[in-house]
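Worksheet for the structure shown next.
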Amino acid sequence: MNVHEYQAAELLARHGIPVNTGGVATTPEEAVAVAAEHAGAGAVAVKAQVHTGGRGKAGGIKLARTPDEVRAAAAAILGLDIRGHLVQRVLVVPAVDIDREFYLGVVLDRPRRRNVLMASAEGGVDIEEVARERPEQIIRALADPLLGLHPYQAREVGFALGLPAARVGGFASIALKLYAAYVAEDATLAEINPLILTGDGDWLALDSKMSFDDNALFRHPDTEALRDMAEENATEIEARAHGISFVKLDGDIGCIVNGAGLAMATMDAVKLHGGEPANFLDVGGGASADQVATAFELVTADPNVRAILINIFGGITRGDVVAEGITDALGTVSVTVPIVVRLSGTNAEEGRLLLAAAGLIAVDTMDEAAAQVVRGAR
Amino acid sequence: MSILVDRHTRLLVQGITGREGSFHTEQMVEYGTNVVSGVTPGGSGKAVAGVPVFDTVAAAVAATQPNVSIIYVPARFAPDAIYEAIDGGIPFVVCITEGIPVADMVPVYAYVRSNGARLLGPNCPGLITPGQAKIGIMPGFIHEPGPIGLVSRSGTLTYEVVDALTRAGLGQTTAVGIGGDPVIGTAFVDVLALFEADPATEAIVMIGEIGGSDEEDAARFIQEHVSKPVVGFIAGRTAPPGKRMGHAGAIISGGTGTAAEKVAALEAVGARVADRPSAVPDLVKAALA
């Protein structure tokens, strides 16, 4: 789960990290008021609040020196479409005198199964690009899985960044607080980019980003409350409520599959046969009638869908039971596009006969099903 | 021969009286797995499919000497169950449970390793040595004994490939599901090493998916340490970046973890990579020819 920059900044501030404090506005007039409140007559930055990167390049961040400029900047940014995300809020923060910019982040190092603090003296730029092109510019410290990040490790990173000794303590303090925030909030990413040294020699987090482990949200109701429904696909939210994994894609072939790996392979098969998948959908292992009915509703809610491929590897679940589930589901949900069902596992033949009797195209293999559904969508 | 489990395995089931635990205990017993005991706190004196239930792992260990444990307990309690198994002295723990927070798994992994034990999963289907021991949730009947070692991050996709292999006359030494989470106890490289050392395994099938760099690590390992032919399949060629595809670990982030990178890494070290699951058996036959 992702949150907005202003929400991440508020969280980090609660963990004692100095952040550039401003306010959120949903209209140009509000933006002017927020600017006056937080910056007086000083200049401000007006920043689009959307769950995507590349805001600067898309015109989503503007500097404004006067109330008229703030109004104009907010008016230009609000309503902007940034990579498919509609800007509904701007963050207005005082403009800051930047001496040096750094990158600071905590993520999971998957191969080592440990959390890692990462820092770079190349701040304020795309850190993934730095990682790709100048990996030596990124300094890492692996946190002990049981003891966490030690203060000496944070200091080592500070010295390795080339900081003057007088600034290392302040840096290490922020690094340790960022690590603590990452752990306490069950984050999958906690990032400050840029973390700056001001002209006065103070540390300040200028832009913050946090993502959270969906599997840990049960113990963070306060984090769950930060979820911005407008940033999420309505169907994906509905699916989650029913224990179904759903991801909206751009194609026209709806997919209903049991199991995440098989669901991905099914999308790939559709593509291989010249079609474009409309979604990823994992109904879960058992593929019960209720789950399948919900899956039909989710998939057919997308007006682009011109045919549906159901791919169920029965396994322990009997094929005839799955087939009954599918036909029962079709009794409760009206589906007008062609449906191709691939059914395998115990009693799959009996299942296919039941499906054929209900007017569905029932086949034996994934390849055949993908070929049929692509034809059906034409 | 096989890896990790066989007919001599003495299996303990943690969470044996739960819905999943009891159902799959029946299935495993029916398959012929040597299930010696189960644990559910407060369940002592009961039996599931003829398997005696104990209150604690320590009691089950004392009475029945299991050497492998399988965990079917809910995500909130699964890390505790793993610790209990490790402290009970069980050297190999299989965790089926899906949805365990990553922050819980980081210390669990370190603890398992520091105790010299092995963890498979979490969020995995388990493993099976056909005809000998089914330790997990996979349908047993699709497997046949044979010369193919199979390792996968997925569940039903694994069954799909196993089914295709079996139909093509290619049985399996052992099929291992390592799980779809970001932090897993056993990685591809660990299983590749075991198959390389297993004299009965003639070829290895490896089923990966988007996210992380386990497949790239496997490719490096194959180049240096694996002499047996490897056939791969990578799911998620059409997956968009930044979106979790069902499995917590299946996400392309920061432009890394794409299927294309993984396919390229495997092909670069001489592995044959199938473009669809049904193409795996022919590639295996070609590799063995």
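The values are calculated or read from the model by the stated rules, or taken from the named source; none is laboratory data. The structure presented is a predicted model; accordingly, all values stated were derived computationally and were not measured. Ideal geometry is used to build each Cβ from the backbone, glycine not excepted, and the neighbour counts take in all protein chains shown. With ligands, DNA and RNA removed, areas are computed over all heavy atoms of the protein, side chains included. Shrake-Rupley method; radii C 1.70, N 1.55, O 1.52, S 1.80 Å.
Using a 1.4 angstrom probe on protein heavy atoms only, the contact between B and A buries about 3900 square angstrom of accessible area, both sides summed.
In a reduced charge model with +1 at each Lys and Arg Cβ and -1 at each Asp and Glu Cβ, the protein assembly as shown shows a dipole moment near 600 debye about its Cα centre. Relative to the compact-globule estimate of 2.2 N^0.38 Å, the Cα radius of gyration of chain B comes out at 0.97.
Histogrammed with a bin width of 10 Å, the alpha carbon distances of segment B:222-266 distribute as 25, 46, 23, 7 percent, first bin at zero. The contact residues of segment B:206-248, meaning those that lose at least 40 Å² of 1.4 Å-probe accessible area when all protein chains sit together rather than their chain alone, are B:Thr238, B:Lys243, B:Arg244, B:Met245, B:Gly246. Give the residues of segment B:253-289 whose amide nitrogen is closer than 20 Å to a point set 7 Å from the Cα of A:Glu368 in the direction of its Cβ. Counting backbone N atoms under 20 Å from the label point, the list is B:276-282. Of the residues in segment A:96-118, those shielded by at least 10 Å² of accessible area once partner protein chains are present, compared with the chain alone at a 1.4 Å probe, are A:Leu108, A:Arg110, A:Pro111, A:Arg113, A:Asn115. Pairs with C-alpha atoms separated by more than 28 Å, drawn from the list A:Lys57/A:Lys209; A:Lys209/A:Lys271; B:Lys228/B:Lys262; A:Lys271/B:Lys243, are A:Lys209/A:Lys271.
On the principal axes of its alpha carbon atoms, segment B:138-288 extends 40, 33, 28 Å, with the longest extent given first. The calculated FRET efficiency for A:Glu276 paired with A:Ala33, based on their beta-carbon distance and R0 = 30 Å, is about 0.05. Of the residues A:Leu197, A:Ser211, A:Ala184, the one whose Cα sits farthest toward the positive end of the charge dipole of segment A:166-235, with +1 on the Cβ of Lys and Arg and -1 on the Cβ of Asp and Glu, is A:Leu197. On segment A:298-362, 50 percent of the accessible area sits on carbon and sulfur atoms, based on a 1.4 Å probe. When the convex hull of its Cα atoms is viewed from all sides, segment B:11-120 shows a mean projected area of 6.1 nm². Using C-alpha pairs under 8 Å with a sequence gap of at least 6, the mean separation divided by the residue count of segment A:262-378 gives a relative contact order of 30 percent. Protection proxy ranking of B:208-219, B:133-144, B:253-264, by the mean of other Cβ atoms within 10 Å over each peptide's residues and highest first, is B:208-219, B:133-144, B:253-264. Semi-axes of the equivalent ellipsoid of segment A:21-94 are 20, 10, 10 Å, computed as sqrt(5λ) over the eigenvalues of the C-alpha gyration tensor in descending order. Cα convex hull, segment A:1-151: 143 Å³ per residue, rounded to a whole number. Angle of helix A:289-300 to the longest C-alpha principal axis of chain A, folded into 0 to 90 degrees and rounded to 10: 70°. Given 0.36 nm per residue, what is the gain on full extension from A:Ile237 to A:Leu217 after removing their alpha carbon distance, in nm? Working it through step by step, the gained length comes to 5.7 nm.
For the protein assembly as shown, the residue among A:Asn279, A:Ser120, B:Gly171 whose Cα projects farthest onto the positive side of the dipole built from Cβ charges is B:Gly171.
With angles folded into 0 to 90 degrees, how steeply does helix B:19-31 sit against the dominant principal axis of chain B? Use alpha carbons for both and round to 10. So the inclination is approximately 80 degrees. Seen against the Cα atoms of chain A and their longest principal axis, helix A:260-272 is set at about 80 degrees. Model label sites at B:Thr256 and B:Glu20, defined 7 Å from Cα along the beta-carbon direction, differ in position by 3.0 nm.
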